[in-house]
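Asks: The structure follows.
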Amino acid sequence: MSRELKVAIIQTELAWENPEENRRLLSYKIDAILSTVDVIVLPEMFTSGFTMNPSAVAETMEGETLNWLRSKAKQRQALIMGSLVISENNKFYNRMVCVEPSGTITTYDKRHTFTLAGEHNVYTAGTEKVILNYKDWKICPLICYDLRFPVWARNTENYDLLIYVANWPKVRISAWDALLKARAIENMTYCIGVNRVGQDGNKHHYCGHSVAYDVLGNRMDNLPDNKEATEIVILDKDVITKYREKLNFLNDRDNFSLEV
């Protein structure tokens, strides 16, 4: 069992609706990670920015970006995660893809489409919560607006790591900050949020605030605001075990049923 997990957080600008350019830029950033890592996390819609024009950028699960991810995951011997626009069965999805070095792919479709931006009108919402097992770590991948809905993230599976990828705008960044910390504390889990920086094609501004919290809500990273940056955080499963056994908070969680 791997007790430590090294996670690289890539906080970056994104070229608007330009998958080829984003793959080029992200290749450079991934290649610039000098040390060995287990997981590399990219933002939401990392090939395009948060677009409501999916037909301009959509790919299939056999498209160029998935082939690129397979190649980079194998090259770096790391799990690479991030969301992009996927076309499948005549529908569009904001889909998190988690690509392992072996080529194995786990996917999660964003459950809570962002109605304020009309995402629900063009993207089909997911219906399944996903827990990915990688190097004996149980990882729960979620996307942006999912962060506002704690029931969906509730740690009934005893997962070890909660990861949110996002295009979360500067105007509402205080909510991002508060909710990520809350998700770590209430679920007694490591919680990582990866947000973009820069301005998108709709002139929305993004300031990053990518972050990693431990199971007690203590911040673990030193990522800057408003700048592109990559940082590696080291997670320790013994910390999870120590505090879950000592405090037992998850044992007192409420039982509930969820209708999707």
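Asks: Select from the range 238-258 the residues that are open to solvent by less than 80 Å² (accessible area, probe 1.4 Å) and basic (Lys, Arg) and list them in ascending order.
Replies: Listed by number, the residues that qualify are 244, 253.
Asks: Looking only at strands (runs of 3 or more DSSP E) that lie completely in the range 189-260, which have at least 2 residues being over 17 Å from residue 176 (Cα atoms) and among the aliphatic types (A, V, I, L, M)?
Replies: Values: elements: 190-195, 197-199, 205-207, 211-213, 229-236.
Once the strands (runs of 3 or more DSSP E) in the range 189-260 are filtered for at least 2 residues that are over 17 Å from residue 176 (Cα atoms) and among the aliphatic types (A, V, I, L, M), what remains is 229-236.
Asks: Could you tell me which of the residues 65, 124 is open to solvent by less than 50 Å² (accessible area, probe 1.4 Å) and more than 17 Å from the chain's Cα centre (by Cα)? Lay out the reasoning, then the answer.
Replies: On the way: 65 fails: more than 17 Å from the chain's Cα centre (by Cα).
Within the list 65, 124, the selection yields 124.
Asks: Restricting attention to the range 182-199, does a residue exist that is buried (at least 18 other Cβ atoms within 10 Å of the Cβ), of a type in the set (D, E, K, R) and either within 30 Å of residue 28 (Cβ to Cβ) or free of Cβ contacts under 8 Å to residues at least 12 places away in the same chain (or both)? Outline the logic, then answer.
Replies: Just the residues of the range 182-199 that are buried (at least 18 other Cβ atoms within 10 Å of the Cβ), to begin with: 183-184, 187-198.
Filter once more, keeping what is of a type in the set (D, E, K, R): 183, 196.
Retained after the next criterion (residues that are either within 30 Å of residue 28 (Cβ to Cβ) or free of Cβ contacts under 8 Å to residues at least 12 places away in the same chain (or both)): 196.
Checking the range 182-199: at least one residue is buried (at least 18 other Cβ atoms within 10 Å of the Cβ), of a type in the set (D, E, K, R) and either within 30 Å of residue 28 (Cβ to Cβ) or free of Cβ contacts under 8 Å to residues at least 12 places away in the same chain (or both).
Asks: Output the number of residues of the range 167-181 satisfying the condition of being touching a strand residue (DSSP E or B) at 6+ places or on another chain (Cβ under 6 Å), under 30 Å from residue 241 (Cα atoms) and open to solvent by less than 20 Å² (accessible area, probe 1.4 Å).
Replies: The total comes to 1.
Asks: Still on this structure, I have one more. Step by step: first the residues of the range 95-121, then only those that are in contact with a helix residue (DSSP H, G or I) (Cβ under 8 Å, 6 or more places away or on another chain) and basic (Lys, Arg), then the one that is surrounded by the fewest Cβ atoms within 10 Å (Cβ to Cβ). Which residue is that?
Replies: Among them, the one singled out is 111.
Asks: Applying the selection to the range 200-219, what residues are open to solvent by 40 Å² or more (accessible area, probe 1.4 Å) and over 18 Å from the mean Cα position of the chain (by Cα)?
Replies: Once the filter is applied, which keeps residues that are open to solvent by 40 Å² or more (accessible area, probe 1.4 Å) and over 18 Å from the mean Cα position of the chain (by Cα), the range 200-219 yields 201, 202, 203, 204, 205, 216, 218.
Asks: Can you tell me which residues in the range 5-59 are among the aromatic types (Phe, Trp, Tyr) and open to solvent by 10 Å² or more (accessible area, probe 1.4 Å)?
Replies: Going residue by residue through the range 5-59, those that are among the aromatic types (Phe, Trp, Tyr) are 16, 28, 46, 50.
Within the range 5-59, 16, 28, 50 qualify.
Asks: Would you mind stating whether residue 140 is hydrophobic (A, V, I, L, M, F, W, C), open to solvent by less than 30 Å² (accessible area, probe 1.4 Å) and at positive phi? Steps first, answer last, please.
Replies: On the way: hydrophobic (A, V, I, L, M, F, W, C): yes; open to solvent by less than 30 Å² (accessible area, probe 1.4 Å): yes; at positive phi: no.
No, not satisfied.
Asks: Moving to a separate point now. Checking the structure you have, find out if any residue of the range 99-116 is of a type in the set (Gly, Ala, Ser) and within 19 Å of residue 230 (Cβ to Cβ).
Replies: Within the range 99-116, the first condition is being of a type in the set (Gly, Ala, Ser), and the residues that meet it are 102-103.
In the following step, the residues that additionally are within 19 Å of residue 230 (Cβ to Cβ) were identified as none.
No: zero hits.
Asks: Any idea which of (1) closer than 27 Å to residue 212 by Cα; (2) in contact (Cβ under 8 Å) with a residue 60 or more places away in the chain; (3) touching a Gly at 6+ places or on another chain (Cβ under 9 Å) is the one residue 95 doesn't satisfy?
Replies: In the conditions (1) closer than 27 Å to residue 212 by Cα; (2) in contact (Cβ under 8 Å) with a residue 60 or more places away in the chain; (3) touching a Gly at 6+ places or on another chain (Cβ under 9 Å), residue 95 misses (2) alone.
Asks: For the range 127-136, which positions are out of contact with any Ser or Thr (no Cβ under 7 Å at 6 or more places or on another chain) and surrounded by 11 or more Cβ atoms within 10 Å (Cβ to Cβ)? Working first, answer last.
Replies: Of the range 127-136, the ones out of contact with any Ser or Thr (no Cβ under 7 Å at 6 or more places or on another chain) are 127-129, 131, 133-134.
Across the range 127-136, the qualifying residues are 129, 131, 133, 134.
Asks: Return the total of residues in the range 120-137 being under 30 Å from residue 4 (Cα atoms) and assigned to a loop (DSSP other than H, G, I, E, B).
Replies: Here is the first cut: in the range 120-137, the residues under 30 Å from residue 4 (Cα atoms) are 128-137.
Retained after the next criterion (residues that are assigned to a loop (DSSP other than H, G, I, E, B)): 128-131, 135-136.
Going through the range 120-137 one residue at a time, the tally reaches 6.
The values are calculated or read from the model by the stated rules, or taken from the named source; none is laboratory data. Fair warning: this is a prediction, and the values are worked out from it, not measured in the lab. Positions of Cβ are backbone-derived with ideal geometry, glycine not excepted, and every protein chain shown enters the neighbour counts. Just the protein is used for accessible areas: all its heavy atoms, side chains included, with ligands, DNA and RNA removed. Shrake-Rupley method; radii C 1.70, N 1.55, O 1.52, S 1.80 Å.
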